[in-house]
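J.: Sending over a structure as structure tokens; questions will come in a sec.
The values are calculated or read from the model by the stated rules, or taken from the named source; none is laboratory data. Predicted model, so just to flag it, every value in this text is computed and none were measured. Neighbour counts are summed over all protein chains in view; Cβ atoms, including those assigned to glycine, are modelled from backbone coordinates with ideal geometry. We work out accessible area using only protein heavy atoms, side chains counted, and drop any ligands, DNA or RNA first. Shrake-Rupley method; radii C 1.70, N 1.55, O 1.52, S 1.80 Å.
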Amino acid sequence: MKKRFTHGDANERGTIRQVTYQTVNEKGETVEKYTNVYLPYQYDPEKPYNIFYLIHGGGGNPDAWLDSCSLKNMLDLSIQRGELNPLIVVTPTYYTEGTGKPGMEGEGEKTMIFQKELVEDLMPAVESAYHTYAQSTDLAGLKASRFHRGIGGFSMGSVTTWNAFLRNIDYIAYFMPLSGDCWAIEQLGGSTQSEKTAQYLHDAVIKSGYKPDEYFIYTATGTEDIAFKQLYGQVNAMLHFPDTFVDATGFGAGNFCYHFEEGSVHAYTDVCQYVYQALPCFFKK
Ligand code: FER
């Protein structure tokens, strides 16, 4: 049993800010988007902070993580209690047109298209407004600071996170895909194409040139989650590649943590517990 978060009254509260930025949508039009940014209590612009990008599920928007569970209270209290080092948490959207519609139609592609915006538009906007380890927010600066940057997400946000692992490992060292599998081979391929999906992830990381102590994955879901079968199949297939995905109960030993919470379902409130459990394992390198 992992320790569970119980919310309560925080007296050291972080703040939520918004950052707007421009990007180019699928039609080639320039659009303005916003993201929420959590700044920890007593955020000090003189100091650099680790940064974690947290992506919503299908049909969400930048507010979904904040109004669907007690994410902010969890962050405030974890930091106040000394369980988590102060960090910046960003909740953007992969949709270019505000809020998406729930459903899986065309979603996998959207989360892949978002990968370019993530590093070329979103990260520069946020990390020039607030102080991270990126000394410059061009690709070179993001690459040099990759050990201080993580990404995670719920459901389609998890699909987004696996895609970030495939596309943006140069800029991000920590990955937290929650309650969603990798759709590189096909939609829900974690169960229908477990071995091929694992092979694809393995090949991608070999091609990237990063060594197993240069990237970290913490994945989790619940045994009653609608994504359980997909993620369970995928994790077990990934364990067939022990040279790239090194089984770990904590990141001390390996780079691949996984957790299946008994009885938990496909909901932000359950998934927020995994964020609580996983975040303190990040940024150790
Ligand atoms: C999964 C990955 C993503 C899954 C569902 C989703 C059912 C997304 C669903 C949605 O956003 O509607 O493995 O399992």
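J.: Sorted by packing (mean other beta-carbon atoms within 10 Å per residue), highest first, where do 175-187, 14-26 land?
T.: 175-187, 14-26
J.: Just subtract the alpha-carbon distance of ASN236 and GLU46 from 0.36 nm times their residue separation and send over the number in nm, one decimal.
T.: Stretched out fully, the ASN236 to GLU46 stretch lengthens by 64.0 nm.
J.: Now a separate question. Which whole-Hz couplings ³J(HN,Hα) result when phi for each residue of region 90-102 is put into the Karplus expression 6.51 cos²θ - 1.76 cosθ + 1.60, θ = phi - 60°, listed in order with x for Gly and Pro?
T.: My calculation for region 90-102 gives 10, 10, x, 10, 8, 6, 8, 10, x, 8, x, 8, x Hz in order.
J.: Pop out the ³J(HN,Hα) list for region 103-114 in order, Karplus 6.51 cos²θ - 1.76 cosθ + 1.60 with θ = phi - 60°, rounded to Hz; leave Gly and Pro as x.
T.: Running phi through 6.51 cos²θ - 1.76 cosθ + 1.60 with θ = phi - 60° gives x, 9, 4, x, 5, x, 5, 4, 5, 7, 4, 4 Hz.
J.: Between THR269 and ASP9, what's the calculated FRET efficiency when r is the beta-carbon distance and R0 is 25 Å? Round to 0.05.
T.: 0.85
J.: Considering only protein heavy atoms, what per residue accessible area in square angstrom results for the chain with a 1.4 angstrom probe?
T.: Averaged over the residues of the chain, the accessible area is 42 Å².
J.: Over the chain, with every protein chain in place, what whole percent of the accessible area is carbon and sulfur at 1.4 Å, could you tell me?
T.: That fraction is 49 percent.
J.: Another one. Please work out the FRET efficiency for the pair GLU32 and THR192, using the Cβ-Cβ distance as r and a Förster radius of 41 Å; give the result to the nearest 0.05.
T.: So, using R0 = 41 Å, E works out to roughly 0.60.
J.: Take the Cα atoms of region 15-281, find their three principal axes, and give me the spread along each one in whole Å, biggest first.
T.: The principal-axis extents, from largest down, are 45, 44, 37 Å.
J.: Could you work out [θ]222 nm for the chain from helices alone, using -39500 (n - 2.57) per DSSP H run of at least four and dividing by all its residues? Round to the nearest 500 deg cm²/dmol.
T.: After summing the helix terms and dividing by the residues of the chain, the value is -9000 deg cm²/dmol.
J.: Work out from phi, with θ = phi - 60° and the Karplus expression 6.51 cos²θ - 1.76 cosθ + 1.60, the ³J(HN,Hα) of each residue of region 128-137, listed in order in whole Hz, and give x for Gly and Pro.
T.: Ordered by residue, 3J(HN,Hα) equals 9, 7, 10, 8, 10, 7, 6, 6, 9, 9 Hz.
J.: Every cysteine in the chain with no other Cys Cβ under 4.7 Å from its Cβ, please list them in numeric order.
T.: So, CYS182, CYS257, CYS281.
J.: Please compute the Cα-Cα pair-distance distribution of region 1-160 with 10 Å bins starting at 0, giving whole percents from short to long.
T.: Pair shares across the bins are 10, 39, 36, 14, 1.
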